[in-house]
Amino acid sequence: MLNWQNVRMHWKKVALASLPIAYGLNALKSSYEISKYMRTICNEVKNSSGSSKNVLVILNPVADKKNSEKMFRKFCEPLLHLSGFTVDIKKTKHVGHAKTLVESLNSLPDVIIVAGGDGTSSEVVTGLLRRGVPPCPIVLLPLGEKSNIALRYLQHVPNSKLETVKCLISSLQPLIEDRTQFCNVVKYDIIDSDAHEVHKPIYGLQNFSWGLLRDIEAKQNKYWYFGYLRHHAAALFNAFSDKLQWNIKAKIVLTPPCPGCSNCKMPTNQKPKISFASFYATRSISEKSANFINEFCNAEKSEYVEMNQIDISCNKNSDSFFELKTDLVKSLTPGFNFIDKISSVVHRSIEPAISLKSRTIKLYPSIQASTYYIDGEEYDVRPIKISLIPNAIKLFC
């Protein structure tokens, strides 16, 4: 009875003391669950008959606030050794280093594991495809602050440390079980008026983003002290800003979607003229052999657009082949109208004014001082051609 009276008299102190105790108990519980899960996975791997492979790990040590190396060495590396793989780890030292590392390899390993975020994944794919030889399969580990490319192949959501570990193990299991699938790649070629200057192409796995919404998203780290609301804060404090480019102008040139024909590999000089209505009409093409010629494949349609945001992604259409989808957002203006739409801005749920479908798209920006983003990586705005390359790379997923 005396103890209960003391608790009632000093309930504030008791409540304050219970916080670190509760945190410690939760950490112990999480650590126990992770150990139990890893023990189960290790027993399964140990009892399975895996094949010996030479594995090259491209590790970005600063990814996920410098936690990526610790997570990889604690949960992923032991599993690779247990599976009988020969593991070689190369750390990146700066932006673009993963690209040059892979591009300059004397010979390709059996597998490349990407231990980083979306930017590291894009760099590795770019380095592989620039070599001009058949690329080796890759594994994408969601070890970056943004790992949307890797996570889209997984069923787990990393909302806790246990789920993060499950995501890592789920990414490695297809490698251990030797399960692969082909993946489409988006190719970016710089269009330069100077014929003497040679630009190497860039390759991406996710999307292209340019405009107001992506610029605001890039500013959110400046408002880190708002925690999970930093994206909302970035949108709110820039609602009246004249430093943002609220409207971007560009000329776009599209070629229609094509399931694959000889024109896709052998461009012709003659381009058939078609009407605007027939350009966007749905075409059903059943023949997919190399001898099949789609007369509309190289037909180009151009127009000038003014918009807030342009997003280009690779999607599978109703005819079961992949195409580029271009969404144009035009409904945002500075001021209170923008504040009313902050939730939609943050979640990127604003309905596009126009959605275009194509096999290739050329962008000729009318502005100079701006940046666009390829798989989250920042690039200076220049005229660019974006092309879809089906089944360009093999993933363990």
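The values are calculated or read from the model by the stated rules, or taken from the named source; none is laboratory data. These figures come from a predicted structure and were not determined experimentally. Cβ placement follows ideal geometry from the backbone for every residue including glycine, while neighbour counts extend to all protein chains displayed. Note: accessible area is taken over every heavy atom of the protein model, side chains too, but ligands, DNA and RNA are not part of it. Shrake-Rupley method; radii C 1.70, N 1.55, O 1.52, S 1.80 Å.
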Checklist line | Net +/- balance of residues flanking Phe75 in space, Cβ distance below 15 Å, scoring K and R +1, D and E -1 | finding: +1
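Antiparallel DSSP bridges in the chain: what percent, to the nearest 5? Intermediate results must be reported in sequence, preceding the final value.
Working: 54 of 71 bridges.
Close to 75 percent.
Which net charge results when you count Lys and Arg as +1 and Asp and Glu as -1 among the other residues whose beta-carbon is under 11 Å from that of Val57?
Numbers: positive: Arg73, Lys90, Lys91; negative: Glu69, Glu77, Asp88.
Neighbour charge sum, excluding Val57 itself: 0.
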Next item on the list: Just tell me which aspartates and glutamates come within less than 18 Å, Cα to Cα, of Lys330; anything on the same chain fewer than 8 places away is out.
Entry: Asp215, Glu217, Asp242, Glu303, Glu306, Asp311, Asp340, Glu351
Notebook entry, point to check: Given the rule -39500 (n - 2.57) for each run of at least 4 DSSP H residues, summed and divided by the residues of the chain, what is its mean residue ellipticity at 222 nm, to the nearest 500 deg cm²/dmol?
Noted result: -9500 deg cm²/dmol
Check: Quick one, what does Rg over Rh come out to for the chain if you take C-alpha atoms and the Kirkwood Rh?
Finding: 1.04
Check: Can you give the angle from 0 to 90° between the axis of helix 161-177 and the longest principal axis of the chain, with both taken from C-alpha atoms, to the nearest 10?
Finding: 50 degrees
Margin query: Need one value: the accessible area of Val87 in square angstrom, 1.4 angstrom probe, rounded to the nearest 10.
Written below: 30 Å²
Next item on the list: Would you mind counting up the charge near Val87? Only other residues with Cβ under 15 Å from its Cβ, with Lys and Arg at +1 and Asp and Glu at -1.
Entry: +1
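Is the shape of segment 1-157 best called rounded, prolate or oblate, per the rule: a/c under 1.5 gives rounded, else a/b larger than b/c gives prolate, else oblate, with a ≥ b ≥ c the square roots of the Cα gyration tensor eigenvalues?
On the way: a/c = 3.78, a/b = 2.17, b/c = 1.74.
Prolate.
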Checklist line | Dipole magnitude of segment 330-397 about its Cα centre (Cβ charges: Lys, Arg +1; Asp, Glu -1), debye to nearest 20 | finding: 380 debye
